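Enquirer: Have a look at this one before I ask anything.
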Amino acid sequence: MKTSVKRRYILVLFAKQEGRRCYCDRHVILSYRWRDQQRPDAATIEHLQRRADGGSDHPDNLALACKECNEGRQELDWLTYRSLKGGEIHEYVRSVDQGPRAAE
Ligand SMILES: [Zn+2]
């Protein structure tokens, strides 16, 4: 997706979601500076149905997510992932997010 298109989508989605991320419900930051875009709370475009699964770039398939959530989702479907982020399935979150812990 071209950067100019991406930026326009981000603004539209930002307004639609009132600045909140689609998964963790916290606020994203909007910035075009490269350094800011590396922050975990940077706004990124998320494909609800992943492109790997045939999801399109149509706005209906897009949502604003923070970089951290976007990168953490992996192959989960977005609804499951949202439930995980909302803490609805704690056991599963622990096993997926952290794996076995050495000292606890
Ligand atoms: Zn997030």
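The values are calculated or read from the model by the stated rules, or taken from the named source; none is laboratory data. Since the model is a prediction, treat every value here as computed from it, not as a measurement. A quick note on method: Cβ atoms are made from the backbone with ideal geometry, for glycine too, and the neighbour counts reach across all protein chains shown. With ligands, DNA and RNA removed, areas are computed over all heavy atoms of the protein, side chains included. Shrake-Rupley method; radii C 1.70, N 1.55, O 1.52, S 1.80 Å.
Enquirer: Tally up the residues in region 29-39 that are touching a helix residue (DSSP H, G or I) at 6+ places or on another chain (Cβ under 8 Å) and surrounded by fewer than 12 Cβ atoms within 10 Å (Cβ to Cβ), please.
Expert: Count: 2.
Enquirer: I need the full set of residues from region 2-56 which are away from the ligand (no atom under 16 Å from the Cβ), aliphatic (A, V, I, L, M) and either under 12 Å from the mean Cα position of the chain (by Cα) or farther than 22 Å from ARG82 by Cβ (or both), in order please.
Expert: Within region 2-56, VAL5, LEU11 qualify.
Enquirer: Let me ask something else about it. Looking only at residues in region 40-55 that are in a loop (DSSP other than H, G, I, E, B) and over 20 Å from ASP77 (Cβ atoms), which one is most open to solvent (accessible area, probe 1.4 Å)?
Expert: Among those that are in a loop (DSSP other than H, G, I, E, B) and over 20 Å from ASP77 (Cβ atoms), it is PRO40.
Enquirer: Report yes if some residue within region 57-79 is aromatic (Phe, Trp, Tyr), within 16 Å of the ligand (Cβ to nearest atom) and either more than 18 Å from MET1 (Cα to Cα) or at pLDDT 90 or above (or both); otherwise report no. Spell out the reasoning first.
Expert: At the first step, the residues of region 57-79 found to be aromatic (Phe, Trp, Tyr) are 78.
If we keep only those that are within 16 Å of the ligand (Cβ to nearest atom) as well, we get 78.
Now narrow it down to the ones that are either more than 18 Å from MET1 (Cα to Cα) or at pLDDT 90 or above (or both): 78.
Yes, region 57-79 contains a residue that is aromatic (Phe, Trp, Tyr), within 16 Å of the ligand (Cβ to nearest atom) and either more than 18 Å from MET1 (Cα to Cα) or at pLDDT 90 or above (or both).
Enquirer: Which residue is modelled with the lowest pLDDT, if the candidates are limited to region 80-104 and must be closer than 29 Å to LEU30 by Cβ and part of a loop (DSSP other than H, G, I, E, B)?
Expert: GLU88
Here is a yes/no grid of residues against (1) outside any helix (DSSP H, G or I); (2) in contact (Cβ under 8 Å) with a residue 60 or more places away in the chain; (3) of a type in the set (Asp, Glu):
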residue	(1), (2), (3)
VAL12	no, no, no
ASP25	yes, yes, yes
TYR32	yes, no, no
ASP57	yes, no, yes
GLU71	no, no, yes
